[in-house]
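Encoded as structure tokens, the structure appears first; notes follow it.
Read-outs throughout are calculated quantities, based only on the coordinates presented, and are distinct from any laboratory measurement. Not measured: the values here are computed from a predicted model. Don't worry about glycine lacking a Cβ; one is built from the backbone with ideal geometry, like all the others, and counts go over all protein chains shown.
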Amino acid sequence: MKITFAIQRFDPEKDSSPHFEDFELDLAPEARVLDGLVHIKTYLDGTLAFRKSCAHGICGSDAMLIDGQERLACKTLLRDLGAAEGSSIRIEPLKCLPLQRDLMVDQEPFFSAYRSVKPYLINAEPAGPKERKQSQAEREEIDDATKCILCASCYSACPVLRDKNPAFIGPAAVLNAARFVFDSRDRGTGERLPALDRPDGVWACESKFRCTQVCPRGIKVTKSINLTKRRIESLNKQ
Amino acid sequence: MQTEYDAVIVGAGGAGLYAALEASDAGRVAVISKLYPVRSHTGTAQGGIGAALGNLEEDKPEWHAFDTIKGGDYLVDQDAAAILADEAVQAVYDLENMGLPFSRTPDGRIDQRRFGGHTRNFGEAPVRRACYAADRTGHMILQTLYQQCIKNDVEFLAEFHAVDLIMDGPACRGLVVLELRTGELHTIRSKAVMLATGGFGRMFKTTSNAYANTGDGLALALRRGVPLEDMEFYQFHPTGIAGLGILITEAVRGEGGILRNRQGERFMEEYAPKLLDLAPRDLISKAILSELKRGNGMRGDRQIDDYVLLDATKLGKEVVEEKIPDIADFCRTYLGIDPAVQPIPVQPTAHYGMGGIPTDLHGRVHRGGGEGSYLGLYAAGECACVSVHGANRLGTNSLVDLVVFGRRAGRHIADFIANADLGRVASGSDSYARDKVARLKSGKGAHGGKIRETLQKTMMEQVGVIREGSEMRAAIATIEGIRDDYREARVQDPDASFNTDLLELLELENLLDLAYVTAHAALRREESRGGHTRSDFPERDDGRWLRHSLVRLADGKPEFSDKSVDTSLFAPKPRVY
């Protein structure tokens, strides 16, 4: 079917501000948005800049705004967007992160927030010669959070980051803290509190659920943030 | 930026990160990657990591080693396979201790499941050996190792693309890298360079591999005179989503999934009566191709792009959602089906290079021809060939390989940099890279897209699952033609910063060079063994070919030599499953 991609373009070496450019494509309804972008880059305009790698929703490289919502270009089929003959699809870079070029944004603020919560197992007790035991129920508690691919969709969609507090560490950082806070093997919650228990930490979240709505991995991000708030409250009472 | 390090590791997948963790205590170590961290292809590994923990039933590293050797059709170096199987056990415990969230048994231990070619007691029956985290095992390994790198302050240079190695005779002195953000070329001096750049599946049209899998490390080494080993052995995974190539893990069959043809027959009964759908991948891919050829594919048109069905409906919704949730998600997203209700259309997809940069047991790169190893040049993971996979890799062994040998290389690098001096790098060491980039920017010819398309189609159709002499000769002629075209190819993007167009053209050159030696190596080996199947030479021929191949490029032409296979543990036997 004939379809138009309206893509936000920005060339830092030439442009003072972003603008939109239309590309006419002939694609099947089962085609991924990424297939369209690759076609443009290969055959129509080699200057189009975007990130990609695994092309099936695992590596987290190609999160972008597609028709106004954060999605992975490789996991979004044209038919999912309700695209029909003559449709136009609007494609923009993620918000809340500095624009680099076209659909590329600087991911460093996002990763810096992630690193700030000490996203690694902290446990100085000797593990013994084999695995640490963990029950299936304990493992299940962290399952949802371990699915995160750090694509920054939630960061871009967060209304707090967009409109109120750009210093908020963001949904993914809290989620990845929760992944360890609720891990039965971890002993590091105290070390993570300075990053979490502050106005720009978990308390900036206003539970608007945008993170959960856009997560391409279907993670209940807001729930995880709220459980983290409750855990911090109960620790602070002790 | 800093341009002197004790060690530089190229690639931030499992092998690179593990090596960085081991080496970073010993000196200034940087990991450079053309991707952001955690985007590497290790993250897409699904089903599991094999280790004889014996958590559910008796198992022994010796059995794992045997399965690996037999699975590799006896082209495996058996001393390396023994190390792989032995050290896998502690490696899995170490990953768990670092926080990796493995799926658990009812008593809280690491759960294990069946996988193709992994057996009890030297081939008796499938054994539960694959330790797993749902169907996200690679994702969890990559994330856990990256998390440990954060904890240990490992330095990352994200979005730097390696363009050339700086060699001084048998010593590696550093490398030249392209910074994506600025377009600048930097010369980095380093006592040690480790290549951990992963695979090169993008030379084929239908592949499970990421766009990034363009064999950069192998191609850089090849162009600097390093030989590559066993390039003719490339694995086609039997179950890629038809038309897309997206991987459907072998764990679907480990959990009870069955392959069926258009008559609904479980056709593996004919090809592997004992292990059935859990036979090694090369046998199943060949079996599927045979079915397609007989007109038993779903379309029945006898074309190689026809497909069969992977039936997981008897697993039930609960097992599907708990054990293979991402597979269920892929099926919903890309096929609009629920695998618990409807079978999955599958066909072989280019998946894994068994060959690569030849190394010893510590990751040191061999020079070939009995000349020992290079000084300060290391490789591990898919880009390397140690060789634990021989002619065909068993499922789960890629993750074992990168953890065990990534770590071994890292430890050796730590010792090496403690005693080595930073070598002298002559001025102008970057001229090759500079000339190359300048040439691409001033090219007058076609854009690279057409060249890439021709390459991928040629390799898929003529150097694919089943190969034949005249077809491969035609493929070589085609590749020679498009290598000539490439010399005139041009970058469309005039910018310096974020020039992904330039990056893709550099990647294309790597694929062209590797495809060229792969096709030559496949034509030269006149036998069928593991993942290398010749319709004109259908039998394994130990008398002539029980040996590794080494290929160099001399003035752009391939030059072959041989390397012996370590068979110190198990004498080669006919391979029956």
Worksheet item: Summing Lys, Arg as +1 and Asp, Glu as -1, what charge do residues with Cβ under 9 Å from the Cβ of A:Asp11 carry, A:Asp11 excluded?
Response: -1
Item to complete: Could you let me know the centre-to-centre spacing of the range B:35-53 and the range B:270-292, using Cα atoms, in angstrom?
Response: 25
Fill in: DSSP bridge pairs, chain B: antiparallel proportion in percent, nearest 5
65
Practice prompt. Just need the relative contact order of the range B:243-348 here, percent rounded to a whole number, with Cα pairs under 8 Å and 6+ apart.
Written response: 29
Worksheet item: Distance from the Cα centre of the range B:102-140 to that of the range B:357-416, in angstrom?
Response: 25
Practice prompt. Take the Cα radius of gyration of chain A and divide it by 2.2 N^0.38 Å, with N its residue count; two decimals is plenty.
Written response: 1.14
Item to complete: Return the average number of partner chain Cβ atoms within 10 angstrom of each residue Cβ along peptide B:207-218.
Response: 3
Worksheet item: Rounded to the nearest 0.05, what FRET efficiency do A:Arg115 and A:Met1 have when you use their Cβ-Cβ distance and R0 = 41 Å?
Response: 0.40
Practice prompt. List B:Arg408, B:Arg544, B:Arg28 from most exposed to least, where exposure is judged by having the fewest other Cβ atoms within 10 Å.
Written response: B:Arg544, B:Arg28, B:Arg408
Worksheet entry | Cβ-based exposure ranking for B:Asp282, B:Asp73, in which fewest neighbours within 10 Å come first | B:Asp73, B:Asp282
Discussion item. Please compute the average number of Cβ atoms from other chains found within 10 Å of each residue's Cβ in peptide B:36-43.
Written reply: 6
Worksheet item: In nm, what is the difference between 0.36 nm times the number of residues separating B:Arg299 and B:Glu461 and their Cα-Cα distance?
Response: 56.5 nm
Discussion item. Only four residue types carry charge here, +1 at the Cβ of Lys and Arg and -1 at the Cβ of Asp and Glu. Report the dipole size of the range A:2-105 about the Cα centre in Debye, rounded to the nearest 20.
Written reply: 340
Worksheet item: List the GluC sites (Glu not before Pro) in the range A:1-109 that DSSP assigns to loop (not H, G, I, E or B) and whose Cβ has at most 15 other Cβ atoms within 10 Å. Which are they?
Response: A:Glu13, A:Glu30, A:Glu85
Practice prompt. Collect residues whose amide H, placed 1.01 Å from N in the peptide plane, falls under 5 Å from the amide H of B:Ala45; neighbours closer than 5 in sequence don't count.
Written response: B:Gly138, B:His139
Practice prompt. Starting at the first residue of the range A:33-38, write each ³J(HN,Hα) from the Karplus equation 6.51 cos²θ - 1.76 cosθ + 1.60 with θ = phi - 60°, in whole Hz, x for Gly and Pro.
Written response: 4, 4, 4, x, 5, 5
Worksheet item: Taking the range A:1-44, which trypsin sites (Lys or Arg not before Pro) meet the DSSP loop condition and have no more than 10 other C-beta atoms within 10 Å?
Response: A:Lys14
Practice prompt. Compute log10 of I(q)/I(0) for the range B:507-577 with the Debye formula, placing one identical point scatterer on every Cα and leaving out solvent, at q = 0.14, 0.16, 0.23 Å⁻¹, to two decimals.
Written response: -0.54, -0.68, -1.11
Practice prompt. Compare the Cα positions of B:Thr313, B:Gln347, B:Ala251 along the charge dipole of chain B (+1 at Cβ of Lys, Arg; -1 at Cβ of Asp, Glu; about the Cα centre) and return the one farthest towards the positive end.
Written response: B:Gln347
Worksheet entry | Of A:Gly201, A:Gly60, A:Gly190, the one that fluctuates the most in a GNM where chain A has Cα springs shorter than 10 Å | A:Gly190
Worksheet item: ³J(HN,Hα) across the range B:183-189 via Karplus (A = 6.51, B = -1.76, C = 1.60, θ = phi - 60°), whole Hz, x for Gly/Pro?
Response: x, 7, 9, 10, 9, 10, 8
Response to the item:
Computed over the range B:431-538, the relative contact order (Cα-Cα under 8 Å, seq sep at least six) in percent reads 37
Worksheet item: Hey, which of these cross-link pairs are over 20 Å Cα-Cα: A:Lys164/A:Lys220; B:Lys274/B:Lys573; A:Lys147/A:Lys223; B:Lys205/B:Lys286?
Response: A:Lys164/A:Lys220
Discussion item. What does DSSP give for the protein assembly as shown in terms of the percent of beta bridges that are antiparallel, rounded to the nearest 5?
Written reply: 70
Discussion item. If amide hydrogens are placed 1.01 Å from N in the peptide plane, which non-local residues have theirs closer than 5 Å to the one on A:Ala167?
Written reply: none
Discussion item. Below 12 angstrom from the Cβ of B:Lys60, what's the summed charge of the other residues (Lys, Arg +1; Asp, Glu -1)?
Written reply: -4
Worksheet item: Using Cα pairs under 8 angstrom and six or more residues apart, how large is the relative contact order of chain B, in percent?
Response: 21
Worksheet entry | Prolate/oblate/rounded label for the range B:4-158 (Cα gyration tensor, a/c 1.5) | prolate
Worksheet item: So who's got an amide H within less than 5 Å of the one on B:Thr349, skipping anything under 5 residues away but keeping other chains? H placed 1.01 Å off N, in plane.
Response: B:His237, B:Thr239, B:Gly240
Practice prompt. Find out how many positive minus negative residues lie around B:Leu550, taking Lys and Arg as positive, Asp and Glu as negative, among other residues whose Cβ is under 13 Å from that of B:Leu550.
Written response: 0
Worksheet item: So what's the back-of-envelope 222 nm ellipticity for the protein assembly as shown, counting only DSSP H runs of four-plus at -39500 (n - 2.57) apiece and dividing by all residues, rounded to 500?
Response: -10000 deg cm²/dmol
Worksheet item: If you count, for every residue in A:136-144, the Cβ atoms of partner chains within 10 Å of its Cβ, what is the mean?
Response: 4
Item to complete: Mind running the shape call on the range A:142-211? Use the C-alpha gyration tensor, a ≥ b ≥ c as the square roots of the eigenvalues: rounded below 1.5 for a/c, prolate if a/b tops b/c, oblate otherwise.
Response: oblate
Worksheet item: Karplus couplings for the range B:19-36 from phi (6.51 cos²θ - 1.76 cosθ + 1.60, θ = phi - 60°), rounded to Hz, Gly and Pro as x?
Response: 4, 4, 4, 6, 8, 5, 5, 8, x, 7, 10, 10, 9, 9, 8, 6, 10, 5
Practice prompt. For the protein assembly as shown, just say rounded, prolate or oblate: build the C-alpha gyration tensor, square-root its eigenvalues into a ≥ b ≥ c, call rounded for a/c under 1.5, and beyond that prolate if a/b exceeds b/c, oblate if not.
Written response: rounded
Worksheet entry | the range B:183-277: GluC sites (Glu not before Pro) falling in loop per DSSP and having at most 10 other Cβ within 10 Å | none
